Structure formats: structure tokens, C-alpha cells
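The values are calculated or read from the model by the stated rules, or taken from the named source; none is laboratory data. Owing to the predicted nature of the structure, the values given are computational and were not obtained by experimental measurement. We work out accessible area using only protein heavy atoms, side chains counted, and drop any ligands, DNA or RNA first. Shrake-Rupley method; radii C 1.70, N 1.55, O 1.52, S 1.80 Å.
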Amino acid sequence: MAALLNSECPDLKLLARGKVRDVYRVDEKTILFVATDRISAFDVIMKNPIPGKGKILTQLSNFWFDFLKDVLPNHLLTTDFEKMPDIVKQYRDQLEGRCLLVKSLKIHPIEAIVRGYISGSGWVEYQKQGTVCDIKLPEGLSESQVLEKPLFTPSTKADYGDHDENIHPSKVAGIIGEANAKAMEEAAIKLYVKARDYAYERGIIIADTKFEFGADEEGNLILADEVLTPDSSRFWPLDKYEAGRGQDSFDKQYLRDYLLSINYDKKTPIELPEDVIQNTLNKYIEAYTKITGKVPTL
């Protein structure tokens, strides 16, 4: 299987290269999101890709956009390559199966994070001061414990190479306006709850996830970016879940754990061993299969 580390589409205007996605402008109303096979950990892109990862991310986002469309409209126009504009079709060898044609939106500069369980940076903060994003939580919680109700714990969006900054929900209104902030929080919680309940029935705990939102020309809130993938969420196997410790996972935690085991410096891109690449890919495939009931097309 050919892996894609960087897409090269000179007839399209490259807007950004993120940790995983290359973003191109197609015309004034449409954008092309290309999911490469790059993988990052600790905000560092590794030297070698995970072959097929971008195609899995694309198929999973496509599934969730359809599943959640009754909660909130989204920016997806098509993932069907035959329906792509001709200017995109000329790059079929690179892009087929790994791109989303989406509406051009004004993206809100907020990562809308929802946590249903206490883990990751939230657990670190709670241990220090009993809070997550400065939200006071009950005493005596243990690592990976389910929260009484999902928490909206937003962060600012950082440029590549910088870290997102967690902020108290009350600060969002000062960035995007009170009406947008309220709508974003309500939508993020509803999206998370519907996805969480669906995944739980299929043996996956969605411990937390990140949504991004934008506004269309009429100012309506629109779900954007990728949705509920192993890159934007913490997926845990339900049958191995036990509060009070870190969990096995279907997301990038496997890669992070490997890097920590070799005392990785968290700043230098490195070459990943073949077994780490394959095991990481297997995690993505298993998550996709459990959630959708299908095997991904690679």
C-alpha cells in the first residue's frame, strides 16, 4: 500500500499543512481536506507515515458526519472522488479515498473539547488543583473515572509547533461572542453524547473528543474539520476498562507509550520501527471496524 506523506497539487492553492491534513482552496466556496498518512505525537510529526491511516480517518469522519447530521449541519459536500471537480480529479493517484470536499466557512478559533472521563491533561490538572480547565470537580476522583456529566473544556487553537492552551468555558464568549459560545457548548455536548452512546454499544468508550466549528455566510454554526477519529478522540476498549489507571486505547496513545518507553525527547522527529507502524495501523483499523461494522478500504 502506497503511503502519502505530503500531497503535491500545484494547480490548487495550498492553504495549510497541518500535523495530518493538507488543506487546499478549490474555489471561493469550497475547500479540499486531504488526510495524509503523517502521524504526530507530543505535537511532533514523525519521519515515516502510517500507510492507509489517512484513508481510515476520511472514512470514519464521513461515517460520523452522516450519523450526526441531525444534531448539527456539517461542512461536508462529498467524499466521492467521481463527484470531485476536474481540478481535483487530476490528482487521483494521490488523493482518491483520502479527501473531503467541504464548504468554505469562517472557522472559530476554538478547539471544542468534551470530556466524559477524566484522563490526559485533565487528569494532570485535577491532581494538582482539583480542576479541569479551572472547572472545580468533586474530590476523590480516580484516573479514567467517568464524570457525572460531560464537561465542555475548550482550548485556543495554536499554530503548528505550539501547544493549544486550555481555557475556562467562560472565556470563549470573549473570543467568538456570547451567542456563538453558547451554541458551540450546547452542540459539542449533544454531538459527544450521541456518539458516546452509539460507540459504547459497540464496545468502545469515547473518553473525550475534540470538535471544530465554523460559521456559514448566514452565521449559522456548522460542524467542521474531522470528527471523532482516533486522532481527535480518546477511544478505549470497553471490555478492558477499569477506573483508577491509564487505559488501553485505539488512538495514538499506543505510539505515545512507545515513545515514552525509549525516553523520547518530545521535540525531534524520528523514524518509527516497522512493528510500531503496523501495530498503530491495526489500532486504527480495529476502531473503524468496531464503530462502523465494516472493514476500511485501504
Where is the GNM fluctuation largest for the chain (alpha-carbon springs, 10 angstrom cutoff): 81, 42, 250?
-> 42
Cα-based Rg and Dmax for segment 199-298, where Dmax is the largest Cα-Cα distance (Å) = 16.2, 51
Compute the projected area of the convex hull of the Cα atoms of segment 1-156, averaged over all viewing directions, and report it in nm² to one decimal place.
-> 11.3 nm²
Cα-Cα longer than 26 Å, checked against 106/252; 83/294; 47/240; 53/89, kept in input order, equals 106/252; 47/240
Report the normalised scattering of segment 112-263 as log10 I(q)/I(0) at q = 0.18 Å⁻¹, calculated by the Debye formula with identical scatterers on the alpha carbons.
-> -1.19
Projected onto their principal axes, the Cα atoms of the chain stretch, largest extent first, over whole-Å spans of 58, 49, 37
Between 168, 75, 108, which gets the highest mean-square fluctuation from a Gaussian network model of the chain, Cα cutoff 10 Å?
-> 168
Tell me, what is the percent relative contact order of the chain, built from C-alpha pairs under 8 Å that lie six or more residues apart?
-> 21 percent
Determine the distance separating the Cα centre of segment 38-110 from the Cα centre of segment 165-213; give it in Å without decimals.
-> 20 Å
With the radius of gyration and the Kirkwood radius both derived from the Cα set of segment 51-93, what is their ratio Rg to Rh?
-> 1.04
Please report the relative contact order for segment 90-212, taking Cα pairs under 8 Å with a sequence separation of at least 6, and give it as a percent rounded to a whole number.
-> 32 percent
Tell me, what is the per residue accessible area of the chain in Å², probe radius 1.4 Å?
-> 47 Å²
Using alpha-carbon pairs under 8 Å, 6+ residues apart, how would you state the relative contact order of segment 238-298 in percent?
-> 30 percent
Ellipticity estimate at 222 nm from DSSP helix runs (n ≥ 4, -39,500 (n - 2.57)) divided over the chain, nearest 500 = -9000 deg cm²/dmol
Whole-percent carbon and sulfur share, accessible surface of the chain, 1.4 Å = 48 percent
Of the DSSP H helices in the chain, the ones reaching 24 Å or more along their long axis in Cα terms and averaging at least -1.0 in Kyte-Doolittle hydropathy are 178-201, 274-292
Quotient of C-alpha Rg and 2.2 N^0.38 Å, computed over segment 248-287 | 1.16
At 1.567 mPa s and 4 °C, Stokes D of segment 79-183 from Kirkwood alpha-carbon radius, µm² per second | 77 µm²/s
With segment 37-117 reduced to its Cα atoms and the Debye formula applied, log10 I(q)/I(0) at q = 0.19, 0.27 1/Å amounts to -1.12, -1.27
